[in-house]
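The structure under discussion appears below in the form of structure tokens.
The values are calculated or read from the model by the stated rules, or taken from the named source; none is laboratory data. Keep in mind it's a predicted model, so treat the numbers as computed, not measured. Quick reminder, even Gly has a Cβ in these numbers, built from the backbone with ideal geometry, and neighbours come from all protein chains shown.
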Amino acid sequence: MITMKKIRRELAIFLVLVLLSVILYFLHYAVFHDKHHILIFGLSELAFLPLEVLVVTAILHRLLELRDKQALFAKKNMLIGTFFSEIGINLLRSIVFMDRSNANFLVNLKVNNESTKRDFKQGLRFVEHYTPELKVGNKEIIGLKDLILSKKPFLSDLIQHPILLEHKSFTDLLLSTYHLAEELNYRSNLDNLSANDMKHLVGDIERIYKQLLPEWIEYMRSLKNNYPYLFSLYIRLNPFIKSIDVTIN
């Protein structure tokens, strides 16, 4: 926020610099008595001023802007990585094994050490048009409740993080996950859910599932391009494989 105190300070600096320039020109004239020289070089420097402004604003500003974007991208990826580390991978794995069509992923999602840009693009196209077949019972609902409620404070903090505000798709995923946490939190007895109540909860789970799949693919693509050592670990934590073994044989 720009305050009057800051404006006055900047105006004072401006006036001091102008006064200093005037004093130096008078000093030059007092020593050399060469008004012609002062006018030539003064006008020459004045003529170059627009070019200096162009260099500072158009080039340096762009470089600083690019640096800021790169720093913001790195911070955003760190937050998304924290989400997947804390809850995302386990949440995706839990829902994948409620999906009777999950065998399609092993065929269509080629996310491994040999994955190319084309593979990631094909994977995103596949999940964009994918229709899951979720089979959810009381046992699965209780498991999701335990998982999501244990991370509810974490989700709440992440939703409020300003860096993620511009990442709409990921923010939507966080809000959907938090909404399901709220729905489950207010149901003390999950053993005797009505058919309509179960249908409502399955709809919430499916929404998360459809949002989570492309975010996982995008995150894996980012890791492969920027953090290959993390990519190697997350390949071994593949949520579409039931038996997980992170050791390297």
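If you check Leu164, Leu91 for being closer than 28 Å to Ala181 by Cβ and in contact with a Ser or Thr (Cβ under 6 Å, 6 or more places away or on another chain), only one passes: Leu164.
Can you find a residue that is over 21 Å from Phe84 (Cβ atoms) and of a type outside the set (Asp, Glu) anywhere in the stretch 141-157?
Filtering the stretch 141-157 down to residues over 21 Å from Phe84 (Cβ atoms) leaves 141-142.
Within this subset, residues satisfying the condition of being of a type outside the set (Asp, Glu) are 141-142.
So far as the stretch 141-157 goes, yes, one or more of its residues are over 21 Å from Phe84 (Cβ atoms) and of a type outside the set (Asp, Glu).
Out of the stretch 110-129, which residues are aliphatic (A, V, I, L, M) and within 15 Å of Ser222 (Cα to Cα)? The answer is Val111, Leu124.
Here is the figure for the stretch 114-146: residues that are farther than 21 Å from Pro214 by Cβ and touching a residue at least 60 places away in the same chain (Cβ under 8 Å) total 2. Against the test of being closer than 18 Å to Pro132 by Cβ and either surrounded by 17 or more Cβ atoms within 10 Å (Cβ to Cβ) or in the same structural domain as Gly137 (by TED's automatic domain parsing) (or both), the options Leu223, Leu175, Leu201 yield a single qualifying residue, Leu201. For the stretch 99-119, the criterion of being within 30 Å of Tyr186 (Cα to Cα), modelled with pLDDT of 90 or more and in the same structural domain as Pro228 (by TED's automatic domain parsing) is met by at least one residue.
Checking each residue in the stretch 171-186 for being in contact (Cβ under 8 Å) with a residue 24 or more places away in the chain and either in contact with a Gly (Cβ under 6 Å, 6 or more places away or on another chain) or of a type in the set (D, E, K, R) (or both) picks out only Asp172.
Only one entry of Phe84, Phe73 meets the criterion of being of a type in the set (Phe, Trp, Tyr), out of contact with any Phe, Trp or Tyr (no Cβ under 8 Å at 6 or more places or on another chain) and not in a loop (DSSP other than H, G, I, E, B), and that entry is Phe73.
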